Amino acid sequence: MSYNFKEIEKKWQKYWEEIGLFSVDNKDRSKSKYYCLVMFPYPSSELHVGHARNYIIGDAVVRYKIMQGYKVLSPMGWDAFGLPAENQAIKHNIPPRVWTYNNIRRIKQQLNSWGIGYDWKREVTTCEPSYYKWTQWFFLKLFEKGLAYKKKAEVNFCPSCQTVLANEQVINGQCERCSAEVVQKELEQWFFKITAYAERLLEDLKLLEHWPERVKIMQENWIGRSEGVEIDFSLKGKDFKIRCFTTRVDTIFGATFLALSCEHPLAGELIKDSPNFQELKKFVEKVRNQPKSARLQESFEKEGVFTGKFAINPMTGEEIPVWLANYILTEYGTGAIMCVPAHDRRDYEFAKKYNLPIKEVIKKLKANSKDLEPVYEGEGVLVNSGNFSGLTSAEAKEKIALYMEEHNIGKRAVNYKLRDWLISRQRYWGAPIPIVYCKECGIVPVSEKDLPVLLPENVEFKPTGESPLNFVEEFLKCECPKCGQKAQRETDTMDTFVDSSWYYLRYISSQDNEKPFDSEDVNYWLPVDQYIGGVEHAILHLMYSRFINKFLYDLGLVDFKEPFKRLFTQGMIVKDGAKMSKSKGNVVSPDYIIDRYGVDTMRLYILFMGPPQKDAEWQDEGLTGCFRFLKRAFRLLELVKDLKLKPQSSISQPQSSEERDLLKKLHFTIKEVTQDMEGDFQFNTAISKIMELVNEIYKKIQSPHFKIQINTLTEAIKTVFLLLAPFSPHIAEEAWRILGGKDSIFKEKWPEYDEKYLVEEELELAVIIKGKVRARVKVAANISEEELKNKVLSLEKVKHHLKGESPKKVIYIKNKLVNIVV
RNA sequence: GCCGGGGUGGCGGAAUUGGCAUACGCGCCGGUCUCAAAAACCGGUCCUGCUCGUCGGGAUGCGGGUUCGACUCCCGCCCUCGGCACCA
């Protein structure tokens, strides 16, 4: 009986499809549900083994949960809108739709050939009108609630992709996709008001017990909540005030100047009568033209110009100069800050350069002679701070804030780093924003009944920096939904992250033409029990999805606050120390692996190569080990045939110590493998334990004293394949039938262990003297401590190692070891 | 700079959470089978010393500490990978 993997794989894939193993309805609710979601792919090119890990992990979970008796939902779809399709189209003159669908076809075929189980009747494709109709519908809902708005904004623009990028898509001042240097541009853009949900997005992270800590921390940092005080600084000779946000109000007595960002709304008003107006104007101009990316350079130098104006420090009454400075962020806080050079490195740098006063107001609690730093940024005790001197920073923050509120100087405030989500894209291949511009009525939303706003085909989309749809007359011209007059459509399309922020809901009602999803069904299936995907989505996709979910919660369309109960982020597969990518030429294609070793070997190796949440180095040689193992396991079946065994289920009393051993190993393996599955998906150790069980079976049957009941042996072999089924399903299904199984192995229950086989009667303990194992001793499990000590001390080896010294103490750790202290 | 992950044989990686370090797999060495090779199977494989044993010493990035006992806990460093980065 040879292991003909090619035949086996085809046969069972066809069978699973025929019996609809992964097809589930929304109606029957007799079983517990389990929604296992794998992040859907962007269909750009065919998948390599690095991508495969994601789907294989998901499939292992799905099959395991099916065997545990859950009603498992495992859907798949395509994140099909996006830039690469359009770039390809420009380059090779293939319509984006054609390119995208070719890729979808190929990837789908790959997933099927790997035996990954999906309920394909729920398939969604975000570039289909039946899908983006609802993406547009969500836009209308957000617009209705004032959460989608348009504003002129300084935006990140990629000159290579000729489009606007979200802050999140700018990495080190470069475009996330093409690495071109991003520039600033001022454009009218659509935003989603995600900041309205900042507090809840932060607060509800607490509900996500089963998310990796690091992902939650990343989101927390991204939201970037900080508490502080907004202080109004009066200006000498002006009748308006400058408001500053600070988290360190305890340092207010050390504030020796103010600094405003050049784009500060009051900057113009402030400097219009300054004697050095020309200089100031030039400076503002210069800063405006500085690309944001330059700020990230190490060499970026703080610069500023004195406005000639003075503000009053409300606590000291001192007149302090007001500056315009290039290091003040317009978008954060109030765009103006009070500067405390003694206790802020940046302010210090600036003060040194322009010779501004530095006044120490915080003393470190435990001063250290090693402290040579001119700037102390930590907390401590206040000095030179009037009535507040002597307080600790924490106390002072409280008391000064109170004082300011009482005297109308300032009030407590909270700030977030999170920005609103810029969703406009000046590109073709995306969902059109359902908005119409009318001369009479202004910005008018398309009515729901007119959705979808169809994306026209056959469009000339050269990158011009303008939306390609601008040049499509039939699209552009329309009637105003309000007054019926001639009007124009919005020609920007939506960021693809909008598409992917709700796809997991559409799977539930993928065929519904009346609404985006059926709330009742969605409330049954969701929240997602297990979400699986790469860490690269830790911030963007997961934050946007959480936001949209909360919005739907507020609309009463879903009854859960968070969409994903558990999150698993798998590590990357690297080759030669680098991420697999076509440009690096280090991609491993699954095809030749499958041809040589089969799908089950590939799946097994990918799961065996290391803990799935960590990055792992691909080694072709590793495959051979898994291939050998599968062949070896398969050969066990010959044994059953040779011995003319028929699978039976009952086992009588074990008849030999070999048999007892084997049963123990068997039940121990079940226990351990199940634990590994239930834990953090420790497939690698689960598989190694199944390997051990197979090794043990071979060892036992090769033992000269081999005396074993056939039922025990069959039971052991059956268990090997049951445990293996989630990882290498095809060989497991084949083996199951050879062993006499009538129905699919996936209709079989996941094995359970019996504690009675795990009870030890005799133990082998290690005897440790001076930190090393010096002897081993076999004792009855119920031996008394006294008895054991006597036995151990009488051992020849122990006496030898003690060399006449008498032991100070003998420590017995039950079932483990004996430590003799001298 | 801040936050987080990690550092264990020639390699991928285990270690019941403070209790026998190096499971499982790869590679390598030796053997069986073969005209031969492949496949398969059996045995060996952390380093080191010697009197080659049921022997001794050393080893989990480095240096200290707690403990009968530390890969695991504490303190101080080094390296590496990821995230954020002038956020007041």
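The values are calculated or read from the model by the stated rules, or taken from the named source; none is laboratory data. The model shown is predicted, which means the values in this text are computed figures rather than measured ones. Please note: Cβ atoms are built from the backbone with ideal geometry, for glycine as well, and neighbour counts cover all protein chains shown. Surface accessibility is based on the protein's heavy atoms, side chains included, excluding ligands, DNA and RNA. Shrake-Rupley method; radii C 1.70, N 1.55, O 1.52, S 1.80 Å.
Worth a mention:
- Segment A:606-622, residues that are touching a helix residue (DSSP H, G or I) at 6+ places or on another chain (Cβ under 7 Å) and near RNA strand B (Cβ under 8 Å from one of its atoms): A:PHE608, A:MET609, A:GLY610, A:PRO611, A:GLY622
- Strands (runs of 3 or more DSSP E) contained entirely in segment A:200-297, each with at least 3 residues that are within 12 Å of RNA strand B (Cβ to nearest atom) and hydrophobic (A, V, I, L, M, F, W, C): A:257-260
- For segment A:730-772, residues that are open to solvent by less than 70 Å² (accessible area, probe 1.4 Å) and touching a Ser or Thr at 6+ places or on another chain (Cβ under 8 Å) total 5.
- Failed item in (1) assigned to a loop (DSSP other than H, G, I, E, B); (2) within 36 Å of the chain's Cα centre (by Cα); (3) at pLDDT below 90, with A:LYS644 passing the rest: (2)
- Each residue in segment A:591-638 was checked for being assigned to a helix (DSSP H, G or I) and either within 26 Å of the chain's Cα centre (by Cα) or of a type in the set (A, V, I, L, M, F, W, C) (or both), and 19 of them qualify.
- Exactly one residue out of A:LYS206, A:LYS272, A:LYS236 is in contact with a strand residue (DSSP E or B) (Cβ under 7 Å, 6 or more places away or on another chain) and charged (D, E, K, R), and it is A:LYS236.
- Candidate set from segment A:311-365 (those that are hydroxyl-bearing (Ser, Thr, Tyr) and more than 8 Å from RNA strand B (Cβ to nearest atom)); member that is surrounded by the most Cβ atoms within 10 Å (Cβ to Cβ): A:TYR348
- Residues that are in contact (Cβ under 8 Å) with a residue 60 or more places away in the chain and either part of a loop (DSSP other than H, G, I, E, B) or open to solvent by 10 Å² or more (accessible area, probe 1.4 Å) (or both) within segment A:705-729 comprise A:ILE710, A:ASN711, A:GLU715, A:LYS718, A:LEU722, A:ALA725, A:PRO726, A:PHE727, A:SER728, listed in sequence order.
- Index of the failed condition, A:LYS699 passing every other in (1) near RNA strand B (Cβ under 9 Å from one of its atoms); (2) open to solvent by less than 70 Å² (accessible area, probe 1.4 Å): (2)
- Hits in segment A:657-673 (condition: open to solvent by 30 Å² or more (accessible area, probe 1.4 Å), in contact (Cβ under 8 Å) with a residue 40 or more places away in the chain and not basic (Lys, Arg)): A:GLU658, A:PHE668
- Pairs with Cβ under 7 Å, 6+ apart, first in segment A:592-612 and among the β-branched types (Val, Ile, Thr), second within 11 Å of RNA strand B (Cβ to nearest atom): A:ILE593/A:LEU623; A:THR601/A:LEU623; A:THR601/A:CYS626; A:THR601/A:PHE627; A:THR601/A:LEU630
- Of all the residues in segment A:122-138, those that are open to solvent by 10 Å² or more (accessible area, probe 1.4 Å) and among the polar types (S, T, N, Q) number 2.
- Test: A:GLY308 is away from RNA strand B (no atom under 14 Å from the Cβ) and exposed (fewer than 14 other Cβ atoms within 10 Å of the Cβ): no
- Taking the criterion of being open to solvent by less than 10 Å² (accessible area, probe 1.4 Å) and in a helix (DSSP H, G or I), the residues of segment A:542-590 that qualify are A:LEU542, A:MET543, A:TYR544, A:SER545, A:ARG546, A:PHE547, A:ILE548, A:ASN549, A:LYS550, A:PHE551, A:LEU552, A:PRO590.
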